[in-house]
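These notes concern the structure reproduced below.
Nothing in this text is a laboratory measurement; each read-out follows from the coordinates by a stated rule. Computed from a predicted model, the values in this text were never measured in an experiment. Cβ coordinates were reconstructed from backbone atoms using ideal geometry, including for glycine residues, and neighbour counts include every protein chain displayed.
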Amino acid sequence: MKKLIPSVLLAVLLSLGLLSAAIWLPATSSRLMCALMARFAPPETTGLPAEDYPAMTKMITGYLRGGNEPFQYTYTLDGTDYLAFHDYEQQHMDDVQGLFRLCRFVMWLGTGAVLLWGFALRGRQRWFSLRVMQGTLLTLLAAVTVLAVVAVIDFDALFILFHKVAFTNDLWLLDPRTDMLIRLMPTDFFVTYAAIIGCLWLLGMVGLLVISAIPSAKQKKGSEIP
């Protein structure tokens with residue numbers, strides 16, 4: 001029992017830290033966002049001139065990283081200047097920025113957990129159990145795999161559920177006929193992001209499992225030497 005709780009907590013922190021990093025890194029990359037918008041939200045659909053896409057995505061990713069500038073973009077069409085986002089779209093992105101602040105905090109917690117784990121392995125401290133940690137990581141991996149299968153079957157339902165849990169208002173219910181934000185980020189845009197996040201998290205989890213197996217393998221090899 002002494003080792004159980006620290007082992008489970010460490011595995012959960014490592015997993016959440018990986019997930020936060022897998023969300024943060026792609027979502028704050030303006031190049032990736034620009035490429036996905038160009039693919040899934042072309043100018044003829046959004047009404048935003050193609051030459052404004054790099055600046056628009058730079059503004060969005062900078063805001064998600066914690067920028068203090070208002071979430072707004074001005075573009076020119078046929079000689080007339082337009083504000084891209086309504087007040088309620090800006091308010092929704094304020095909420096999203098709050099989630100990304102939380103994501104960054106969890107990412108740093110995960111980094112701390114990695115350092116703690118590294119020092120523990122290096123010093124051969126056994127306040128945690130590698131077996132329990134591996135079991136927890138495998139359990140989390142299985143749970144997220146089930147979630148991924150659900151997403152493949154019905155992404156829209158899972159997407160709606162996420163928004164209902166993550167937000168305390170209905171500002172996320174946008175209309176593509178009137179709101180630029182949802183035109184720039186249609187369902188296929190989010191599906192691709194979710195796939196990228198899932199792949200990054202999966203690779204990280206496999207890496208953790210491989211690293212956690214090394215001490216046991218060394219021990220076993222050492223015990224076989226006469």
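Only Cα pairs under 8 Å and 6+ residues apart enter the sum, and on that basis the relative contact order of segment 4-224 stands at 35 percent. Going from the fewest other Cβ atoms within 10 Å to the most, the residues THR57, THR139, THR80, THR178 appear in the order THR80, THR178, THR139, THR57.
Projected label points at ASP156 and LEU173, each 7 Å from Cα along the beta carbon direction, are separated by 1.5 nanometres. The angle separating the long axis of helix 53-64 from the principal Cα axis of greatest extent in the chain is about 50 degrees.
By how many degrees, 0 to 90 and rounded to 10, does the Cα axis of helix 87-122 deviate from the longest principal axis of the chain? Orientation of helix 87-122: about 20 degrees from the principal axis. Couplings 3J(HN,Hα) of segment 14-29, computed from phi: 4, 5, 5, x, 4, 4, 4, 5, 5, 7, 5, 4, x, 5, 9, 8 Hz, in residue order, whole Hz [Karplus 6.51 cos²θ - 1.76 cosθ + 1.60, θ = phi - 60°; x for Gly and Pro]. State, to one decimal in nm, how far the label point of ASP94 lies from the label point of THR76, with both points 7 Å from Cα in the Cβ direction. With each label placed 7 Å out from Cα toward Cβ, I get 3.1 nm.
In plain terms, the C-alpha convex hull of the chain casts an average shadow of 15.6 nm² when viewed from every direction. Rounded to the nearest Hz, the phi-derived 3J(HN,Hα) couplings of segment 150-159 under the Karplus curve 6.51 cos²θ - 1.76 cosθ + 1.60 (θ = phi - 60°) are 4, 5, 5, 6, 8, 5, 4, 5, 5, 5, where x marks glycine and proline.
Residue by residue, segment 199-212 carries 3J(HN,Hα) couplings of 5, 4, 5, 4, 4, x, 5, 4, x, 4, 5, 5, 5, 5 Hz when phi is fed to the Karplus relation 6.51 cos²θ - 1.76 cosθ + 1.60 (θ = phi - 60°); x denotes Gly or Pro.
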